[in-house]
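Chemist: Dropping a structure here in structure tokens format, bear with me for questions.
The values are calculated or read from the model by the stated rules, or taken from the named source; none is laboratory data. Note that the structure is a prediction, hence the values are computed from the model and not measured. Ideal geometry is used to build each Cβ from the backbone, glycine not excepted, and the neighbour counts take in all protein chains shown. Ligands, DNA and RNA are stripped out before the accessible areas are found, and what is left, the full protein with its side chains, is counted by its heavy atoms. Shrake-Rupley method; radii C 1.70, N 1.55, O 1.52, S 1.80 Å.
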Amino acid sequence: MARTLRTGLTLGKFAPLHLGHQWLIESALAQVDHLIVMIYACGDLSPVSLDRRAAWIAELYPCVEVILAPDGPQDTGDTPEICARHEAYLAQRLAGRRITHFFSSEFYGDHVSRFLGAKDCRVDEGRVRVPISATRIRADYYAHRHWLHPRVYSDHVKKILFLGAPSTGKTTLAQALAARLNTCWMPEYGREYWEQHQHNRRLSPAQLLHIAQTHQAREEVLVQQSRNFLFVDTSALTTWLFARDYHGAALPALSQLAADSARRYDRVFLCASDIPFADTPDRSGTVQRERFQRAYLHELEARGMAYSIVRGALDARCAQIEKALKCQDT
């Protein structure tokens, strides 16, 4: 006689997905043949979209079936009316699928499992193994980041990119804002590498690709140390522009990184060339600055990248950016 397929279900907002949720999912996977995770909308609780929260689980647990519940009930409690609404919604979304095990760490494990005719499987209900809650994490993501997978935490840090021709104040601005907002900034790796490896003021196509790849790898390390924002001095688009300037073309892999940068950053600020030119050995004069600035403007428009131009002295630029970031969060 064939064994009955063990199908598990768990549900929640996962706002954010934390180590307690992961222990719940992993415990369920050890007990069933197939696991369904139903993810509910969370209103204003989290800045991360439903699709992004679903992607965390899909990426970390590829064998799990994820069901989105954007219109699921939002009220919580154990009154007969609330229970009935949740049960009716589950019946609609499951459309008759047989659930043998229901996994939770909450009181609703009782009524949901009875409604489904499933085994009530409680996992760390007392929060002993993983003593954390999503509510505590939302109060301060940075302080509680050790309870989050790095992939999850990175979606709670906004990457703010500064572009602009040489000597437009990108480094000074990124460093100043990081100090003001008590977070990290990512220096331009290309400058560091150029100073050590340039030959006749040039780098090879392969070296330029290495710069872009290493810059992004360093960004990912710094994201895990950042509070709310990571301020980034240049991107793969900058390296791509230098490749075009040096060699007339860029390696395909570098071109792809430059294209991907349109989606990599949460905000892009172009630093205007309205400050005095600082002539250093890695720069080629004001004419070159204006030529590169025009190239940035052309590429940003051609690639459809949203950006804002910041002008003026350092304090004015900082104020403009802080206002923009505050408006974005409200």
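Chemist: Which numbered condition in (1) surrounded by fewer than 20 Cβ atoms within 10 Å (Cβ to Cβ); (2) touching a residue at least 12 places away in the same chain (Cβ under 8 Å) is the only one that F229 fails?
Modeler: (1)
Chemist: Another one. For I309, all conditions in the list (1) among the aliphatic types (A, V, I, L, M); (2) out of contact with any Cys (no Cβ under 9 Å at 6 or more places or on another chain); (3) farther than 19 Å from S154 by Cα; (4) at pLDDT 95 or above hold save one; what is the number of the exception?
Modeler: (2) is the only condition that I309 fails.
Chemist: So, one more: Which condition does R151 not pass, out of (1) open to solvent by less than 20 Å² (accessible area, probe 1.4 Å); (2) closer than 18 Å to P47 by Cβ, if it passes all the others?
Modeler: Failed condition: (1).
Chemist: Out of all the residues in segment 115-126, which are in contact (Cβ under 8 Å) with a residue 40 or more places away in the chain and either under 16 Å from E26 (Cβ atoms) or assigned to a helix (DSSP H, G or I) (or both)?
Modeler: Scanning segment 115-126 gives L116, C121, V123, D124.
Chemist: Among (1) open to solvent by 70 Å² or more (accessible area, probe 1.4 Å); (2) out of contact with any helix residue (DSSP H, G or I) (no Cβ under 8 Å at 6 or more places or on another chain), which single condition is S27 missing?
Modeler: (1)
Chemist: Among the strands (runs of 3 or more DSSP E) confined wholly to segment 1-113, which include 1 or more residues that are over 21 Å from the mean Cα position of the chain (by Cα) and either of a type in the set (D, E) or at pLDDT below 95 (or both)?
Modeler: Filter on segment 1-113 gives 65-69.
Chemist: Could you tell me which of the residues L241, L209 is over 20 Å from G304 (Cα atoms) and open to solvent by less than 50 Å² (accessible area, probe 1.4 Å)?
Modeler: L209
Chemist: Under 6 Å between Cβ atoms, at least 6 apart or on separate chains: pull out the pairs that start in segment 14-29 with a residue that is closer than 14 Å to Y153 by Cβ and end on any residue that is among the aromatic types (F, W, Y) and assigned to a helix (DSSP H, G or I).
Modeler: Within 6 Å, the pairs are L17/W56; H18/W147; L19/W147.
Chemist: Any chance you could count how many residues in segment 248-279 are touching a helix residue (DSSP H, G or I) at 6+ places or on another chain (Cβ under 6 Å) and surrounded by fewer than 18 Cβ atoms within 10 Å (Cβ to Cβ)?
Modeler: 3
Chemist: Quick one: in segment 163-206, which of the residues that are within 18 Å of the chain's Cα centre (by Cα) and under 28 Å from E301 (Cβ atoms) is least open to solvent (accessible area, probe 1.4 Å)?
Modeler: M186
Chemist: Identify all residues within segment 84-111 that are of a type in the set (A, V, I, L, M) and touching a Ser or Thr at 6+ places or on another chain (Cβ under 7 Å); write none if there are none.
Modeler: Residue satisfying the conditions is I99 alone.
Chemist: Pairs, please: C-beta under 6 Å, at least 6 apart or cross-chain, first residue within 30 Å of D274 (Cα to Cα) and outside any strand (DSSP E or B) and in segment 145-171, second modelled with pLDDT of 95 or more and of a type in the set (D, E)?
Modeler: Final answer for the pair search is K170/D233; T171/D233.
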